[in-house]
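Working notes, beginning with the structure itself.
Any read-out appearing in this document is the output of simple, stated calculations on the displayed coordinates, not a laboratory observation. This structure is a prediction, so every number in the text was calculated from the model and none was measured. Don't worry about glycine lacking a Cβ; one is built from the backbone with ideal geometry, like all the others, and counts go over all protein chains shown.
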Amino acid sequence: MATQRMSDRLRRNIGRALSDWDMLADGDLVVIGVSGGIDSLVNAWALNRWREKAPIHYDLCPVFVDIMSEYDAGYVARLTDILSSLGLPLEVIPGISRSPETGDNCYTCARNRRTQLFQFARMRGATKLSFGHHQDDIIETFFLNALYSGNISTMRPRQDLFGGTLSIIRPLSYLSKEEIDELAVHIGISPMESICPAQGDTCRKKVRSILAHIYQQLPHARRSLFNALGNVRTDYLLIRD
């Protein structure tokens, strides 16, 4: 019973994020970026689940940018099976190969994949592009930008692009990573093993480690940090008039 109550609470938080940020509208075509990781799979499940009970109609198009098939030829087939078990088809588009000569890294790889998803979404006439980013991703991105790029910014649960013709939506924005993992167990979704060849000591992992230490010392810091991102007092920042 306790597990059921927990899953109900997490589902409500997904619904609250969808509502607070007006993520879905009648007639939307939503492209879902899927990688095989648990966050993207839970995101696909959530959007499909809400479609079953929503008072509006929207279509879903899960998409995998295939930049890793050279490392594991069966990866796409296994990912297709997982999406099929969720009642969703999977569309695969070829990715831009990594180039050692140009010093590609995780940032470049992610940027290339996102660019291809933008192009695919616009070609299909999609109105929304959905990612499985969660509360921890949003907080980490704030610290990454502050510590490494010298700016105050992060990812928004909904961000309108290209004059409002396409919007990025992040339905899991109100869930922590731990909560997503708990929800995945409850609904029976398992992540695929990552085949990324560059799983080293990234800047994000460093920030994540720092934040984990903060959360250990201050248990409510995660919630406070997330709330702070929507409670910005610009009069007390170093912004010149």
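Give me 23, 155 ranked fewest to most by other Cβ atoms within 10 Å of their Cβ, as a rough exposure proxy. Show your work: numbers first, answer last.
On the way: 23 23, 155 18.
Ordered from fewest to most neighbouring Cβ atoms within 10 Å, 23, 155 come out as 155, 23.
I need the trypsin sites (Lys or Arg not before Pro) found in segment 164-241, filtered to DSSP loop residues with at most 16 other beta carbons within 10 Å of theirs.
Working: sites: 177, 204, 205, 206, 208, 222, 223, 233, 240; in loops: 233, 240.
Those satisfying the criteria are 233, 240.
Select from segment 137-179 those GluC sites (Glu not before Pro) which occupy a DSSP coil region and have at most 10 other Cβ atoms within 10 Å, ordered by residue number.
On the way: sites: 140, 178, 179; in loops: none.
Passing sites in segment 137-179 do not exist.
Within 15 Å, Cβ to Cβ, of residue 54, how many net charges do the neighbouring residues add up to if Lys/Arg are +1 and Asp/Glu are -1?
+2
Using only Cα atoms, locate the centre of segment 136-155 and the centre of segment 205-241, then give the distance between them in Å, rounded to an integer.
Going from one Cα centre to the other spans 9 Å.
Restricting to Cα pairs below 8 Å that are 6+ residues apart, what does the relative contact order work out to for the chain? Please round to a whole percent.
Details: 305 pairs, mean separation 59.9, N = 241.
Result for the chain is 25 percent.
If you take every residue apart from residue 30 with its C-beta less than 10 Å away from the C-beta of residue 30, what net charge results, scoring Lys and Arg +1 and Asp and Glu -1?
0
Rounded if a/c is under 1.5, else prolate if a/b beats b/c, else oblate: with a ≥ b ≥ c from the C-alpha gyration tensor eigenvalues square-rooted, which is the chain?
Working: a/c = 1.31, a/b = 1.13, b/c = 1.16.
Rounded is the answer for the chain, as its axis ratio a/c remains below 1.5.
Quick check: from the Cα gyration tensor, does segment 134-190 come out rounded (a/c under 1.5), prolate or oblate? Numbers along the way, then the final one.
Working: a/c = 3.78, a/b = 1.39, b/c = 2.72.
It is oblate, given that a/c is not under 1.5 and a/b is not larger than b/c.
Checking the cross-link filter: which lysines have an alpha carbon closer than 19 Å to that of residue 177, excluding same-chain neighbours under 8 positions apart?
Partners within reach: 205, 206.
If you count the DSSP beta bridges with both ends in segment 2-199, what percent of them are antiparallel, to the nearest 5?
Numbers: 4 of 19 bridges.
Looking only at bridges with both residues in segment 2-199, the antiparallel portion is about 20 percent.
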